[in-house]
Structure formats: structure tokens, C-alpha cells
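Laboratory data are not the source of any read-out in this text; all were calculated from the coordinates shown. Since the model is a prediction, treat every value here as computed from it, not as a measurement. Cβ placement follows ideal geometry from the backbone for every residue including glycine, while neighbour counts extend to all protein chains displayed.
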Amino acid sequence: MNSTRTRMHGWMTTLTASAALVMLAACGKSVDEAATSAGAAVSAAANSVKSAANGDSADTEASTSAKLNAYTQGYNKLIGTFGLPETQERYLKMNIAKRKASENLSITDGWIDLANEQLKKGRKLAAPGLDELDKSGDTLIASLDSLVGQLKDLHVYYEGKAYKDDDLAKGKAADAKVREAFASSTTAMKQFSDVLGREEKKRSAAVLAKLKASGDMLGYGTKLGLQQAEEIVGLFDNEQDIRDPAKYQAADAQLVLLEKTLADQRAAYEAAKNKEPAPDSAHESTATALVSFVGSYRAMKQSKEPKAFNEMVKKYNGAVERANRLR
């Protein structure tokens, strides 16, 4: 179970206040209780939005959104193609300790440096109330700085085949430290993801409240569907979880809410598509991707295999990528 969730970029976040986290479902709650909790939280968020009455609040929300967006873009690049997980996997497969200088050896430094530069842009942006996120970001950035420096140095060493001159001495001497740098960076990435996820949920509640208050039920349905899907993914943290009946009980309760949301979202899209301006087609493609996600969840429930979990996360990430195209 090594798949990682892509994060949502900021979307329709011109709000006048932040709001409470929407808890849509939890282990031990019935579907009705989960729905009631969600409705109460969204209503509370809506009241919070209505109560904000000055420009300072809007400025705060804009700065918070800008910072979260920058951090999210950096994180998504870090876990994406040629990111930290893929680069680490490739390096570990090299098994440098067992290799010989007579072999043709090479490593990649990936695109980790590009992700780290984006994270640094997010860190530089000022926004109140995000001290914990910045502290976690500092740890991640420092870990990545160390890793990138080592990888770039070794990339030159292997690309220039200097290992043939020193009988791979430098490569083998550096191996343990590089592995340690990968491990510390991965730990820091996971910790950063947890904090970023909490902040995103706060923002999502405010976004949902704003969309509902404005009568944009299409946007509301798309956003809510993504959040409900993420709640399902978040229930499964390890291989034991994907064999735990209690996890599926909680996920099934959430699934009922998600399928109702998707049905309402499809109806809202059908009602809007013949009007001017026409709705963004990314709403439809996101909903289609979420239906595929639902199918992958049911497949995982039947097989209870890690590869089925990874496929479910892949489907969720696909839905997020489509939603991130919304104008």
C-alpha cells in the first residue's frame, strides 16, 4: 500500500471567512448521523461566512488560499512523476552495495528539486494561522535540500562513470547516507501531508459553505463528492485496514452519501449545460472519475488486496486532477 493521494488545488476560494471542518462520516456513526453532522458543519460554516463583514477577512482568506495553493502544487509535484516515491524506488532497486564497478550503473535525481522549489515559494508567502504547516514545511524542505544535494552529486559521479576509476568506492560509501536521506524525506513528506490535509479540510468547509450559500449546487456537488471520496480513502492506512470489516462498515456509510451527492451533481449538470454560460465540462469529467472511484472501492472490498487499494487511490487522484482543471 504505497499510493499517495494527490491534493486539490484552491478552487472557488474567494471567501470572506474560514470555517469549521466538515466531518462527513466516522467509524461508528450511522448514515443519518453522518449526514446530520455534515449538514450542521456546513451550516455553521455558512453562518461564519455571513458573519464576516470587512475587507481584512477577505484579505486573510486570499493570502491563506495563495499559500495553501503553492504548498499543494509543490506537494503534488513531489509525489508525482519523477517525484520522491518514484526516485526512491529507483535508487533502492539499484542495490549499490551489491553492485560492481564493471557494470553499467546510473541513478536519477528525478524532479525532487523542482517540487522543493515550489514548496519554498509556498513557505515565503505570508498567511496568518499556518504556523504548524510552516514548521512542517521547514522540516520537509530541509530534508529535501539534503537529499537533492546528495543525488545531484552522485548523478554526476555515475553519469561520468567515475565509479570505474575508484572501484565504486564513493558510491558505496554514500549509499547508507542517501538511504537515510530518502527515509527522512519520506517521513517529513508524510507529516507535511497530514498537516496540509487538516488545513485543506478547513478550507473545504468554507468553500462548500460559500458554494451552497450562492446557490451553485453544481460546484457544491463536485467539491462535496471529492471530499466524501477522500474520506473513504482516508479510512485505510495499512494492509490490516483493508481486511478490517469495521473499516468497510464506515466506508459503506460514506459511500451512500457519495453516491447521493453524485446523483445530485449529475442532475445539476444536466440542468445547467443548456444555459449560458455553459458549465465547465470538468464538472462532468470529475463526476465520471468519481464513479470509477466508487467501482474501484467495491473491487477492493471484494478482493481486500493492496493492489486494489492502490488502484482506488489512482482513481481518486484522477478525479482530483480533473477537478484541478476547473476554471
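Can you give the local net charge around ALA308? Use residues other than it whose beta-carbon is closer than 14 angstrom to its beta-carbon, Lys and Arg +1, Asp and Glu -1. Within the 14 Å Cβ shell, the charges total +4. Using Cβ point charges alone (K and R +1, D and E -1), the dipole size of the stretch 54-214 about the Cα centre works out to roughly 400 debye.
Summary value for the stretch 208-327: 30 percent relative contact order, contacts being C-alpha pairs under 8 angstrom separated by 6+ residues.
When the pairs LYS77/LYS315; LYS260/LYS314; LYS67/LYS201; LYS77/LYS223; LYS223/LYS304; LYS223/LYS273 are compared against a 25 Å limit on Cα-Cα distance, LYS223/LYS304 fall above it. Each principal axis of the stretch 54-214 carries a Cα extent, and these read 69, 25, 21 Å when sorted largest first.
Counting Lys and Arg as +1 and Asp and Glu as -1 over every other residue whose Cβ lies under 9 Å from the Cβ of ARG123, the net charge comes to +2. Across q = 0.15, 0.18, 0.19 Å⁻¹, the stretch 191-327 modelled as identical point scatterers on its alpha-carbon atoms has Debye log10 I(q)/I(0) values of -0.74, -1.03, -1.12, in the order of the q list. Taking the fewest neighbouring Cβ atoms within 10 Å as the starting point, the ordered list for THR60, THR286 is THR60, THR286.
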